[in-house]
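Below: one structure, written as structure tokens.
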Amino acid sequence: MLSKRSSSSISTRSRSVPGSAGAWWRARHAALAALALLPAACSDFGPGDGDLDDSSALFDAAEVDLGEAAEALSLPFPIEHLKSLTVTEVDIVSQFSLKDVLQQLVTQSGVPGLTPLTLFQRFMDTYREAPGLYSSVPHCDDVAANPNDVFPPPQPGDTPTTGSINGWPVRCPRTIGQDSGIDPFSTTAGDDAYMATTLANRFDLAPPDGAHCGEYRIVFARKSGHPDFDSSRPDQTFRRSFIIFEGRLPNPSPSLGRQGCRPIVEFWLNQSSPSKPVATRAAELKSFYFNGLPASGVGPVIHIDNYGHTPGPNNGQIRTNEFLLFQEAFDAWPLREFRLTHGTSSSPSLNVVPSFVKDNPSSKLFAPGISGDSRVVSFQSTVFPNMVERLAAADDVNRFAYPSALPDAMNAGESLMIPLQNNYLNAIGSGMSTLRTNIANKLTAMGSDLSGTPTNLSVDQIIGRAQSLACAGCHEPVDATNSPSSSLDVGLSSSFPKTLAFTHTSEKTAPVDENNPNGPRRFILSEAVLETFLPYREKVMEHFLLNNTTLGFEKPGAWTSTQALLATHTGRVKEGIASLEVRTPSSFNTIFSPNFSTSGLTPVGNKIKLSLFVSKAQPNPSWVGDLIVMISIPSAGIYDQWVGNVVLNGLTRGVFNEVTFPQQLQAATVTALNAAPSDVKLQFIFNVTANSGPYYMDDIRFVN
């Protein structure tokens, strides 16, 4: 099989195949067969043979060209970032209104007499102090803030923080709460009205086990932030507010795992079809959000169950990002999170309820010298140190994550921009502390010398990664000084990518076609979205649509072992969203693939190749061991056929190595594989020092 790499640099424009995404498999199969005729046999690139791939430019370029050719011919058309991943064209997003979204939710709730206006006003009233205009909704000062939880401690002259959410302080009240007394739907042109600016496909958030199919978002912006409004008016300055509906779609076929999400991914792929006019795309996107994909069993994105009605990591949310500074007594841009809760048919209700901000630990938890707070003790001694390995594993900002959801009690009530209250680097300080020591010990055990390079991360870089996962850290990535001119060091070759000063989307527009400045327009996006986030999300889609889940280790529990400890890992990954973590409690560890088919992978090559990560921490650095591979195809009479071994001592530790097993598959085996049997089975044997590793395996390929 030729390597089908997912890369945003792949150009497929000259290879477009008209038609639906559902029809691409026929074109894909024919295209791969045609590839066999290309005058570029891999055997011409002799330097690539052996235990390790040669890094010569000739071999690498040739292999990538073939890989790109395979992928280009596999998709019916290229995935266009601004059609299939994020949509901001005014002609499309203008078809979505905040009133329509709220009306659908109201209708689904069955609450008699409830209107979109009342639901909106009750939502905004949560920013007020009690009793507000709606005494029955939760208000920001229902639970008083503990002044000791405000970190850094307030200084003389600071505005007191009076309210709390989830036991952590929040700024209360907020000017946006005054919108509980206005009607944003009375006109579509007034500065109180909201406009849709962005539709976002976040299939990349779908976990390997397919517990859900990712999030599908709609961003609404208050029109008072639009640049066409008079910025010379005091009441127009910095009057910006965003409401983001982040609907998390259930898997329509959970028994299929993540593959059950395929109809959703194909829908978004089809948005890139060069034959689709804007009007068709607008109609299809609106139907997807409001009606779903009924023929595939996919319900509507806009549904009362998809915005956090049931608490937990597999449910969506509503988020806000507001900065109505003209009447604020303090300089802060808070980001908050809400859940949409509802009753039953016999007892209907519908409420937008303030919630904690997920994956946003309160900054006090990072501070040294805090005593008497069990949350701080637990966080610094156990919770955060146990998250260091996962934070350190990723070499891409898109893969930064905690290994599991933070304990609810540690998540802050809001994430603040500009003030230091959510700056973890500032909170931990530069002196030695319990948390610093615990993080350093974890990194040292992983083989880091703490020097601050990408393969030797420092304590501050781990804290920087945690800060980037917080809402404030992602929207304004700054160092401990909180200066807008600073950058956030997350231990990669470059700093965290740039935002649009507190946002990733904007009320400003630009031409869809830069050569036609008077033509259709789209809302602009941040550099981080355009240059970092969208290319990654494209790779996730491509890999899902093209690659084998078994050979990519994308399905949890598929590979098994009676000796090694196996786990799906989403941080240390070479391709797709997951790799296989292999821990070796004994010196001889065999792992088995499930039976799989080579249908759709033909023509296959005569060697086996994979990406392998060898940890820097080795009990016996002078002898790491070797890796053996065997193949079985019982239907062809092939059992445990030796394919070769690779000596691990020669591999670079702390990074993925591209490993090709030197033994060629026998001609009869290649012939059998090309007949697309369904009972192919691989086994890899780690002959290593006991308790070495962990090792990470990813992206197995059959190459020539």
- Item | Selection count, the stretch 374-421, where residues are open to solvent by less than 10 Å² (accessible area, probe 1.4 Å), in a loop (DSSP other than H, G, I, E, B), under 21 Å from D489 (Cβ atoms) and not aliphatic (A, V, I, L, M) | 1
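Restricting to the stretch 279-297, count the residues that are touching a helix residue (DSSP H, G or I) at 6+ places or on another chain (Cβ under 7 Å) and either more than 24 Å from P78 (Cβ to Cβ) or surrounded by fewer than 14 Cβ atoms within 10 Å (Cβ to Cβ) (or both). Reasoning before the result, please.
Quick first cut of the stretch 279-297, residues touching a helix residue (DSSP H, G or I) at 6+ places or on another chain (Cβ under 7 Å) only: 281-282, 285, 288, 290, 293, 296.
Retained after the next criterion (residues that are either more than 24 Å from P78 (Cβ to Cβ) or surrounded by fewer than 14 Cβ atoms within 10 Å (Cβ to Cβ) (or both)): 290.
So the count comes out to 1.
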- Query: Do we find a residue being modelled with pLDDT of 95 or more, aliphatic (A, V, I, L, M) and under 30 Å from L457 (Cα atoms) anywhere in the stretch 579-599?
  - Reply: yes
- Message: Checking I92 against (1) in a helix (DSSP H, G or I); (2) at pLDDT 50 or above; (3) open to solvent by 50 Å² or more (accessible area, probe 1.4 Å), only one condition comes out false. Which one?
- Response: (3)
- Message: Against the condition surrounded by 14 or more Cβ atoms within 10 Å (Cβ to Cβ), in contact with a helix residue (DSSP H, G or I) (Cβ under 7 Å, 6 or more places away or on another chain) and either within 19 Å of I318 (Cβ to Cβ) or of a type in the set (S, T, Y) (or both), how does L133 come out, does it pass?
- Response: no
- Query: Quick one: how many residues across the stretch 115-150 are acidic (D, E) and either within 31 Å of the chain's Cα centre (by Cα) or not in a loop (DSSP other than H, G, I, E, B) (or both)?
  - Reply: 2
- Message: For the stretch 280-304, which positions are without any contact (Cβ under 8 Å) to a residue 12 or more places away in the chain and within 24 Å of the chain's Cα centre (by Cα)?
- Response: G292
- Mind listing whichever residues of the stretch 499-534 are in contact (Cβ under 8 Å) with a residue 24 or more places away in the chain and surrounded by fewer than 16 Cβ atoms within 10 Å (Cβ to Cβ)? A501, K508, P520, E527, E531
- Message: Yes or no: the stretch 436-454 includes at least one residue that is over 26 Å from Y695 (Cβ atoms) and among the hydrophobic types (A, V, I, L, M, F, W, C).
- Response: no
- Message: Given the criterion open to solvent by less than 10 Å² (accessible area, probe 1.4 Å) and either within 30 Å of D449 (Cβ to Cβ) or in contact (Cβ under 8 Å) with a residue 12 or more places away in the chain (or both), identify the matching residue among G600, G605, G650.
- Response: G605
- Query: If we scan the stretch 140-160, do we find a residue that is surrounded by 20 or more Cβ atoms within 10 Å (Cβ to Cβ), among the hydroxyl-bearing types (S, T, Y) and more than 17 Å from R336 (Cα to Cα)?
  - Reply: no
- Criterion (modelled with pLDDT of 95 or more, farther than 30 Å from G177 by Cα and assigned to a loop (DSSP other than H, G, I, E, B)) met by exactly one of P78, P112: P78
- Filter the strands (runs of 3 or more DSSP E) completely within the stretch 263-370 down to those with at least 1 residues that are at pLDDT below 95. 317-324, 333-342
- Residues of the stretch 429-457 being closer than 22 Å to S494 by Cα and part of a helix (DSSP H, G or I), in sequence order, are L443
- With the condition kept exactly as written, say whether any residue in the stretch 626-638 is of a type in the set (D, E) and part of a strand (DSSP E or B). yes
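The values are calculated or read from the model by the stated rules, or taken from the named source; none is laboratory data. Here the structure is a predicted model, which means the values were calculated and not measured. No Cβ is skipped: glycine too gets one built from the backbone with ideal geometry, and neighbour counts run over all protein chains shown. Areas reflect the complete protein model, heavy atoms only, side chains present, ligands, DNA and RNA absent. Shrake-Rupley method; radii C 1.70, N 1.55, O 1.52, S 1.80 Å.
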